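Asker: Got a structure for you, written out below as structure tokens; questions coming shortly.
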Amino acid sequence: MRLFLDSGIIEEIRLVQSYGILDGVTLNPSLVKKAAEKREEKKQDIQMGDYIRSILKSVPGLPVSLEVIGLDAVQMIDEGRRIYNMFHPVAQNVVVKIPINCAYGKKTNAFDGIKAVKALSSEGIPVNCTLVFTPEQALLAAKAGARFVSPFTGRVDDFIREQAGMAFQKEDYFPAEGLKRQGKVLHDQGICSGIQLIRHIAVIFKNYDLDAQLLAASIRNTRQLREAALAGADIATVPFAVIKQMVAHFKTAEGMETFTDDIVPAYAQLLKGN
Ligand code: E4P
């Protein structure tokens, strides 16, 4: 499974890249806002163009998704081309992120996202289709030519739990199967958890041999990441906090302590070469 970092904070991107485990980066307007606020707090300059260039240069060759902000197909296509032409030459790694459906409130242009995915993909611009909450949306995005399709795993779980009035923390894995066993069926249009959404999309992409890569987004905790991998996601994009949790286990720390306590001098000498 490839691992993308869901962050616009350059220090985090560089750190994870230095571990040698990074396969890409995803940004959205909220993550850009967070990165800008963090720099403001530290009184560091944020010239947006330069900042994005430095992110791209930090991960040469690894796909970095940059999201459009337009609210119709014309704007999104225009912005997608502009983002790609302006930034792709920097490190050959720009992917344009397009919402599956940009309509909200009273707007009725529900298919403009699909149109933009189709237009940009046909021009050879790689697209990450975002804000996917159903297998049907994923199918449309793949048919329109998206290279990556991003179902929002964590937000599905958040929504279902909120509807059910359940209290939860980000770190809590949503035990959809457990709830079913208790006779409760909580769902959104038949989708009973973020992981079930990933599973359904994985089956559909496989059944119809669709080229799009399934990118599990909105990952909240390590258990969710594991289940997404088991469900067949090609990629997961995860926040820095989840990357840190992935490597940790108290028994590992305990084992390290015992092994360190047990080192005999002759063994230490041998390994240190003195
Ligand atoms: C990345 O592509 C998505 O925009 C991101 O994973 C959304 O995550 P959130 O639900 O934590 O905001």
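Asker: I'd like the full set of residues that are closer than 24 Å to ARG2 by Cα, among the hydrophobic types (A, V, I, L, M, F, W, C) and away from the ligand (no atom under 16 Å from the Cβ), limited to the range 63-99.
Answerer: PHE87, VAL90, ALA91, listed by residue number.
Asker: Taking the condition free of Cβ contacts under 8 Å to residues at least 12 places away in the same chain and either of a type outside the set (D, E, K, R) or within 13 Å of the ligand (Cβ to nearest atom) (or both), does GLY194 pass?
Answerer: no
Asker: Looking only at the range 137-194, which residues are in contact with a Ser or Thr (Cβ under 6 Å, 6 or more places away or on another chain), open to solvent by less than 30 Å² (accessible area, probe 1.4 Å) and closer than 30 Å to ILE125 by Cβ?
Answerer: Selection gives SER150, PHE152, THR153, GLY154, GLY194.
Asker: Within the range 202-222, identify whether any single residue is crowded, with 19+ Cβ neighbours inside 10 Å and away from the ligand (no atom under 16 Å from the Cβ), and answer yes or no.
Answerer: Among the residues of the range 202-222, at least one is crowded, with 19+ Cβ neighbours inside 10 Å and away from the ligand (no atom under 16 Å from the Cβ), which makes the answer yes.
Asker: Okay, moving on. Looking at (1) surrounded by 17 or more Cβ atoms within 10 Å (Cβ to Cβ); (2) in contact with a strand residue (DSSP E or B) (Cβ under 8 Å, 6 or more places away or on another chain); (3) not aliphatic (A, V, I, L, M), can you tell me which one PRO29 breaks?
Answerer: It fails just one condition, (1).
Asker: Taking the range 125-136 as the region of interest, how many residues are farther than 24 Å from MET86 by Cβ and crowded, with 24+ Cβ neighbours inside 10 Å?
Answerer: Of the residues in that region, 1 qualify.
Asker: When you go through GLN189, GLN269, GLN245 one by one, which is the residue that is closer than 30 Å to ALA164 by Cβ and away from the ligand (no atom under 15 Å from the Cβ)?
Answerer: GLN189
Asker: Which of the residues that make up the range 1-11 are under 14 Å from ALA233 (Cβ atoms), open to solvent by 40 Å² or more (accessible area, probe 1.4 Å) and either without any contact (Cβ under 8 Å) to a residue 24 or more places away in the chain or within 12 Å of the chain's Cα centre (by Cα) (or both)?
Answerer: Correct list: ARG2 only.
Asker: To continue, here is another question. Between a residue in the range 12-26 that is closer than 15 Å to SER65 by Cβ and any residue that is in a strand (DSSP E or B) and open to solvent by 40 Å² or more (accessible area, probe 1.4 Å), which pairs come within a Cβ distance under 7 Å, given they are 6 or more apart or on different chains?
Answerer: These pairs meet every condition: ASP23/ARG2; GLY24/ARG2.
Asker: What is the number of the single condition among (1) on the phi > 0 side of the Ramachandran plot; (2) within 16 Å of the ligand (Cβ to nearest atom); (3) of a type outside the set (D, E, K, R) that GLY124 does not meet?
Answerer: It fails just one condition, (2).
Asker: Just to be sure I understand, how many residues within the range 80-117 are exposed (fewer than 13 other Cβ atoms within 10 Å of the Cβ) and in contact (Cβ under 8 Å) with a residue 40 or more places away in the chain?
Answerer: 0
The values are calculated or read from the model by the stated rules, or taken from the named source; none is laboratory data. Everything numeric here is computed off the predicted structure, so don't read it as measured data. Glycine also receives a Cβ, built like all others from the backbone with ideal geometry; neighbour counts cover every protein chain displayed. Heavy atoms of the whole protein, side chains included, go into the accessibility calculation; ligands, DNA and RNA do not. Shrake-Rupley method; radii C 1.70, N 1.55, O 1.52, S 1.80 Å.
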